[in-house]
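**Q** Pasting a structure here, questions to come.
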Amino acid sequence: MTGHAVVIAGGGPTGLMLAGELALAGIDVVIVERRTGQHVDGSRAGGLHSRTIEVLDQRGIADRFLAAGQTMQVQGFAGIALDISDFPTRHNYGLALWQSQFEPILAGWVGELGVPILGGCEVVGFAQDDAGVDVELSGDTSLRAEYLVGCDGGRSLVRKAAGIDFSGLDPSTSWMIAEVEMDEEPELGFRRDSAGTHALGRREEGEPVRVVLTERLLDHTGEPSMDELREALVSVYGTDYGLRSASWISRFTDMTRQAASYRRGRVLLAGDAAHVHPPHGGQGLNTGVQDAVNLGWKLAQVVNKTSSESLLDTYHAERHPVGARVLHNTMAQVALSSPDDRHQALRDTMTELLSMDEPRSRIAAMLSGLDIHYDLGEGHPLLGRRMPDLDVHTADGPTRVFTLLHDGRPVLLHLDERGGFDVSPWADRVRLVDATHDGVWELPVLGEIAAPRAVLIRPDGHVAWAGDLTDAELPHALARWFGADTPAE
Ligand SMILES: Cc1cc2nc3c(=O)[nH]c(=O)nc-3n(C[C@H](O)[C@H](O)[C@H](O)COP(=O)(O)OP(=O)(O)OC[C@H]3O[C@@H](n4cnc5c(N)ncnc54)[C@H](O)[C@@H]3O)c2cc1C
């Protein structure tokens with residue numbers, strides 16, 4: 001039986017990101033993926049939100065995605081457009097990029113980091129003991145690992161086999177989705193009727209038309225047929241616009257469920273395996289990628305024995321509330337999209353509210369992921385929040401904070417000429433960078449904040465501590481997040 005430190009079930013967006021993070025930290029990781037390649041059926045997710053672009057920027061790979069997509073104001077709450085161009089981030093926009101384009105680019109990075117992908121292979125079961133996990137694969141083979149992470153999507157076998165409860169709401173509405181060729185030019189945009197909202201769209205001339213139709217009945221089984229699609233188009237638009245062919249037809253619902261626990265012993269869950277919700281607001285892929293960035297460095301530190309297993313508990317503690325909030329806001333968006341007059345009146349009211357600055361910035365910061373605040377206790381406003389990508393000046397010249405995070409290692413950023421700190425007990429793990437920054441510190445929603453003299457930044461870009469280097473809390477924060485102090489060699 002072959003052994004690896006970590007086996008990841010599923011090489012979708014979440015599994016790929018996690019594999020990259022682990023490989024960056026030098027961990028022996030393998031992905032087991034049912035598909036034989038990175039082909040994605042249909043277009044699925046339509047793009048990236050600001051915080052996801054930021055986390056890719058923190059690894060020096062955002063440009064690859066930006067070059068392939070189109071930056072624009074993509075955010076919407078139940079279709080009510082929200083502009084974030086005034087947000088204090090380098091990426092004050094979203095990126096229109098289909099999942100079918102996103103995955104191969106991410107897979108390219110993971111390949112450069114040398115992660116093997118066992119394609120055309122499924123995880124079919126596992127058994128864990130005190131020392132590791134035996135992962136059973138299709139074809140009667142198995143792998144031994146210290147940890148198994150289920151990034152195997154909404155129907156996650158890993159979650160089911162681990163016996164983790166997946167409670168929530170059953171579907172109330174079903175949508176048919178397709179990518180089609182039509183002989184006639186259809187009416188592009190949204191249309192509302194008594195069934196709900198329907199949409200026909202294409203991003204560029206010559207692309208297939210993307211169809212999303214709210215279905216009148218919920219109790220469907222299996223994928224829709226071409227005849228069903230034609231019938232549904234005629235019932236909404238009075239015509240099928242000369243529907244010629246469909247490269248992909250599927251359906252999705254507003255089922256809303258979350259794993260009760262993101263970890264059971266040596267088995268963890270991330271991405272859709274941990275949370276499913278309707279695509280309103282376009283948050284699924286983004287949340288999965290960010291789960292991976294939260295988990296990656298923690299799992300790496302536990303595997304290489306820098307930290308104890310208890311560090312993994314912070315993964316659930318930090319990411320479960322973020323997932324719950326996504327579920328909650330998608331439930332609200334589904335309600336606001338209901339076609340009846342009362343819900344439409346509520347929607348009009350929300351549209352008015354969201355045209356005001358503060359409500360807009362609050363909701364937009366939530367959807368973009370820029371306001372995520374892990375509860376790390378009382379302290380400086382930065383504590384638990386994302387570190388802004390400041391322009392700084394170091395002994396090596398000008399740089400950006402995100403550039404300092406490219407290698408996925410924690411950084412103790414010292415921004416004051418006075419004082420110093422003996423980081424040598426952690427020097428093999430934490431980089432101390434002396435720098436200066438001219439300018440204000442500003443966070444989305446909160447606005448301007450007091451500039452701290454030093455900041456301890458985790459590999460995921462969240463602030464673990466902020467203050468003065470003489471603060472007695474600093475050694476505790478270093479030990480809590482990056483392992484006990486050890487005398488420098
Ligand atoms: C119609 C639609 C529109 C969407 N729109 C958006 C959007 O606009 N924005 C957004 O952010 N998200 C959107 N999403 C959601 C997004 O597609 C998912 O959230 C995202 O793909 C989740 O990534 P994942 O890696 O966690 O899971 P998946 O993408 O489901 O990947 C799971 C992987 O695991 C593999 N697998 C499954 N079981 C096994 C097994 N037993 N062994 C080995 N491999 C296995 C699968 O082949 C797959 O590759 C949309 C989804 C749909 C369906």
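The values are calculated or read from the model by the stated rules, or taken from the named source; none is laboratory data. None of these values were measured; they are calculated from a predicted model. Methodologically, a virtual Cβ is constructed for each residue, glycine included, from the backbone with ideal geometry; neighbour enumeration extends over all protein chains shown. Ligands, DNA and RNA are excluded from the accessible area calculation, which covers all protein heavy atoms including side chains. Shrake-Rupley method; radii C 1.70, N 1.55, O 1.52, S 1.80 Å.
**Q** So what is the 222 nm mean residue ellipticity for the chain from helices alone, if each DSSP H run of at least 4 adds -39500 (n - 2.57) and you divide by all residues, rounding to the nearest 500 deg cm²/dmol?
**A** Helix contribution divided over all residues of the chain: -9000 deg cm²/dmol.
**Q** Could you tell me how many degrees, from 0 to 90 and to the nearest 10, lie between the Cα long axis of helix 284-303 and the main elongation axis, the longest principal axis, of the Cα atoms of the chain?
**A** Approximately 30 degrees, to the nearest 10.
**Q** A follow-up question, please. Which value, in Å², gives the accessible area per residue of the range 42-196 when a 1.4 Å probe is used on the protein heavy atoms? Walk me through the intermediate numbers first.
**A** Numbers: 6470 Å² over 155 residues.
Ligands and nucleic acids excluded, the result is 42 Å² per residue.
**Q** Carbon and sulfur together cover what percent of the accessible area of the chain at a 1.4 Å probe radius?
**A** 50 percent
**Q** Starting from the range 399-448, pick out the GluC sites (Glu not before Pro) whose DSSP state is loop and whose Cβ has at most 13 other Cβ atoms within 10 Å.
**A** E417
**Q** Ok, one more. Report the paramagnetic label zone for T486: residues of the range 404-428 whose backbone N is under 12 Å from a point 7 Å from Cα along the Cα-to-Cβ axis.
**A** Answer for this model: 425-428.
**Q** Okay, moving on. Provide the percentage of antiparallel DSSP beta bridges, counting only those with both residues in the chain; round to the nearest 5. Before the final figure, lay out the partial values.
**A** On the way: 66 of 88 bridges.
Antiparallel bridges: around 75 percent, rounded to the nearest 5.
**Q** Right, here's the next one. Using only alpha carbon pairs under 8 Å that are at least six residues apart, calculate the relative contact order of the chain and give it in whole percent. Intermediate results must be reported in sequence, preceding the final value.
**A** Details: 980 pairs, mean separation 80.8, N = 489.
Once normalised by length, the contact order is 17 percent.
**Q** Expressed in nm², what is the orientationally averaged projection area of the convex hull enclosing the Cα positions of the range 372-489?
**A** Computing the convex hull of the Cα atoms and averaging its projections yields 7.3 nm².
**Q** Counting pairs of alpha carbon atoms under 8 Å apart in space and at least six apart in sequence, what relative contact order in percent does the range 294-356 give?
**A** 18 percent
**Q** Would you mind working out the magnitude of the charge dipole of the chain relative to its Cα centre, with +1 at each Lys and Arg C-beta and -1 at each Asp and Glu C-beta, to the nearest 20 Debye?
**A** The calculated dipole for the chain is roughly 580 debye.
**Q** To continue, here is another question. Roughly how many Å² of W297 are accessible to a 1.4 Å probe, to the nearest 10?
**A** W297 has an accessible surface of roughly 10 Å² with all protein chains in place.
**Q** All other residues with a Cβ under 11 Å from the Cβ of H373 taken together, and with Lys, Arg as +1 and Asp, Glu as -1, what is their net charge?
**A** 0
**Q** A follow-up question, please. Report the accessible area of S142, computed with a 1.4 Å probe over the heavy atoms of all protein chains in place, in Å² rounded to the nearest 10.
**A** Rounded to the nearest 10, the figure is 40 Å².
**Q** About its Cα centre, how strong a charge dipole does the range 97-174 have in debye, to the nearest 20, once Lys and Arg get +1 and Asp and Glu get -1 at the Cβ?
**A** 240 debye
**Q** Can you tell me the alpha carbon radius of gyration of the range 74-181 divided by the globular rule-of-thumb value 2.2 N^0.38 Å?
**A** 1.52
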